[in-house]
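K.L.:
Following this message is one structure expressed as structure tokens.
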Amino acid sequence: MRRFFSIALLTLGLALSCACGGGRTPPGEPSNEDLIVVGMCQVGAESDWRVANSESMKAVFTEENGYRLLFDVARQKQENQISAVRKFIQQQVDYIVLMPISESGWDSVLQEAKEAGIPVILVDRMVNVEDESLYAAHVGSDFRAEGGLAVAWMEETFQGAEDPVRVIHVQGTPGSTAQLGRTAALEEAVEAHGNWELLAQLDGDFTQAKTYEVMTEYLSSLPGKGDVDVVYCENDNIAFGALQALEEQGCVCGEQGVRIITFDATRGALTECLRGKIALAVECNPLLGPLVEEAIQTMEAGGTPEKHRYVEEQIFTSESLTEALIESREY
């Protein structure tokens, strides 16, 4: 598949050589013909997590490391991602790395990639396809397990509570793997606990601005501001929007008031957790670039990568955090 790029680059190189008297690749650097071409389609830049994830990819897939990266940002629109994948197929890239916005709607375009002989690696989120051979590997987090960590913390925190535990649930992008997994964990827990009450499920779309809007509207409709015990936020930016709305509506956030649960555990969320404003931060590690490269190098060597590669993650509370620990974090 590198032939397409090699021919084009060779033609350009010959033209420059004639005009400038030569242009050899400096010793120790890969030639253009040797570069592995990776077409990567990112969701967007909707959250701090997403930005860190993009930076991790760009740091790994450099020309110095032997890659040519074609990076596309879909601006949170699936139709843009599908168009980008088709463009990568036309460009005959060696690998396609896809961070799918939602799980459904991928069968046709991934079939096109398979027929073109281009392996697809899924990052962060999953796809729901009938034929799992349409993608070579998936690298990311076990979102259902992340939700389980949050639910276990809630069970311990409210153990023995006789009064209802009232929960507002602010969801991420509907249909995304993170939303589906984290939602399933909470909904199953609510069903299992007779005194847990799900007050509302709001669509925050993983963004601070939308969460602030929907939370402000919902809180304004409540007869009493002390009627909320937990806000279950499906990422840090949702938590930031919820925190702002809660405090503007006169709610106290923390151990003596509303307990905010968040997922991602970026520096900003951990800082609020250390301050006691966020009760629990469940880690979702965005630094997936090295694991994606491992999958590519396995295939380059003729091997088969792990179908699903999950990163290890942990939870944070104010008691487990220090300023030094937060500063040492890479995201």
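K.L.:
Among the residues of region 204-220, is there at least one that is part of a helix (DSSP H, G or I), within 21 Å of Ser318 (Cβ to Cβ) and of a type in the set (A, V, I, L, M, F, W, C)?
P.N.:
No, region 204-220 contains no residue that is part of a helix (DSSP H, G or I), within 21 Å of Ser318 (Cβ to Cβ) and of a type in the set (A, V, I, L, M, F, W, C).
K.L.:
Does region 31-64 hold any residues that are more than 17 Å from the chain's Cα centre (by Cα), under 16 Å from Met99 (Cα atoms) and part of a strand (DSSP E or B), and which are they?
P.N.:
Val38, Gly39 - these are the residues of region 31-64 that are more than 17 Å from the chain's Cα centre (by Cα), under 16 Å from Met99 (Cα atoms) and part of a strand (DSSP E or B).
K.L.:
Also, I was wondering about something else. Within region 171-198, which residues are open to solvent by less than 50 Å² (accessible area, probe 1.4 Å) and closer than 16 Å to Val230 by Cα?
P.N.:
If the condition is that a residue be open to solvent by less than 50 Å² (accessible area, probe 1.4 Å) and closer than 16 Å to Val230 by Cα, then Gln171, Arg182, Thr183, Ala185, Leu186, Ala189, Val190, His193, Asn195, Trp196 are the ones that fit.
K.L.:
What are the pairs, 6+ residues apart or on separate chains, where a residue within region 182-197 that is within 16 Å of Ile261 (Cα to Cα) has its Cβ under 7 Å from a residue that is open to solvent by less than 80 Å² (accessible area, probe 1.4 Å) and of a type in the set (Ser, Thr, Tyr)?
P.N.:
Partner pairs satisfying both residue conditions: Leu186/Tyr232.
K.L.:
Now a separate question. Which pairs do you get when a residue that is over 26 Å from Leu134 (Cα atoms), found in region 304-315, comes within reach of a residue that is buried (at least 16 other Cβ atoms within 10 Å of the Cβ) and of a type in the set (Val, Ile, Thr), reach meaning Cβ atoms under 8 angstrom, with the pair 6+ apart or on two chains?
P.N.:
Qualifying pairs under 8 Å: Glu313/Val282; Ile315/Val282.
K.L.:
Would you mind telling me which numbered condition in (1) in a loop (DSSP other than H, G, I, E, B); (2) open to solvent by less than 20 Å² (accessible area, probe 1.4 Å); (3) farther than 18 Å from Phe61 by Cβ Val282 fails?
P.N.:
Going through (1) in a loop (DSSP other than H, G, I, E, B); (2) open to solvent by less than 20 Å² (accessible area, probe 1.4 Å); (3) farther than 18 Å from Phe61 by Cβ one by one, Val282 breaks only (1).
Results for (1) more than 27 Å from Pro100 (Cα to Cα); (2) out of contact with any His (no Cβ under 8 Å at 6 or more places or on another chain); (3) modelled with pLDDT under 95; (4) among the polar types (S, T, N, Q), shown as yes or no for each residue.
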residue: His169; (1), (2), (3), (4): no, yes, no, no
residue: Arg182; (1), (2), (3), (4): no, yes, no, no
residue: Ala189; (1), (2), (3), (4): yes, yes, no, no
residue: Ala192; (1), (2), (3), (4): yes, yes, no, no
residue: Leu222; (1), (2), (3), (4): yes, yes, yes, no
residue: Cys233; (1), (2), (3), (4): no, yes, no, no
residue: Gly250; (1), (2), (3), (4): yes, yes, yes, no
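K.L.:
For region 67-158, which helices (runs of 4 or more DSSP H) that fit wholly inside it have 2 or more residues that are modelled with pLDDT of 95 or more, open to solvent by 10 Å² or more (accessible area, probe 1.4 Å) and in contact with a strand residue (DSSP E or B) (Cβ under 7 Å, 6 or more places away or on another chain)?
P.N.:
Once the helices (runs of 4 or more DSSP H) in region 67-158 are filtered for at least 2 residues that are modelled with pLDDT of 95 or more, open to solvent by 10 Å² or more (accessible area, probe 1.4 Å) and in contact with a strand residue (DSSP E or B) (Cβ under 7 Å, 6 or more places away or on another chain), what remains is 143-157.
K.L.:
Which ones in region 236-289 are without any contact (Cβ under 8 Å) to a residue 60 or more places away in the chain, basic (Lys, Arg) and touching a strand residue (DSSP E or B) at 6+ places or on another chain (Cβ under 9 Å)?
P.N.:
Lys277
K.L.:
Please name all residue pairs, on different chains or six or more residues apart, with Cβ atoms under 7 Å, provided the first residue is in region 34-60 and is free of Cβ contacts under 8 Å to residues at least 40 places away in the same chain and the second residue is open to solvent by less than 10 Å² (accessible area, probe 1.4 Å) and outside any loop (DSSP other than H, G, I, E, B).
P.N.:
Taking only residues 6 or more apart or on different chains, the pairs are Leu35/Tyr67; Gly44/Arg50; Ser54/Gln42.
K.L.:
Could you check Glu293 against (1) in a helix (DSSP H, G or I); (2) touching a Ser or Thr at 6+ places or on another chain (Cβ under 9 Å); (3) open to solvent by 10 Å² or more (accessible area, probe 1.4 Å) and say which number it fails?
P.N.:
With (1) in a helix (DSSP H, G or I); (2) touching a Ser or Thr at 6+ places or on another chain (Cβ under 9 Å); (3) open to solvent by 10 Å² or more (accessible area, probe 1.4 Å) applied to Glu293, the lone miss is (2).
K.L.:
Now for a separate question. Out of Thr262, Thr304, report the one residue that is modelled with pLDDT of 95 or more, among the hydroxyl-bearing types (Ser, Thr, Tyr) and open to solvent by less than 50 Å² (accessible area, probe 1.4 Å).
P.N.:
Unique residue meeting the criteria: Thr262.
The values are calculated or read from the model by the stated rules, or taken from the named source; none is laboratory data. Quantities reported herein were computed from a predicted structural model and do not represent experimental measurements. Positions of Cβ are backbone-derived with ideal geometry, glycine not excepted, and every protein chain shown enters the neighbour counts. For accessibility, only protein heavy atoms count, side chains too; no ligands or nucleic acids. Shrake-Rupley method; radii C 1.70, N 1.55, O 1.52, S 1.80 Å.
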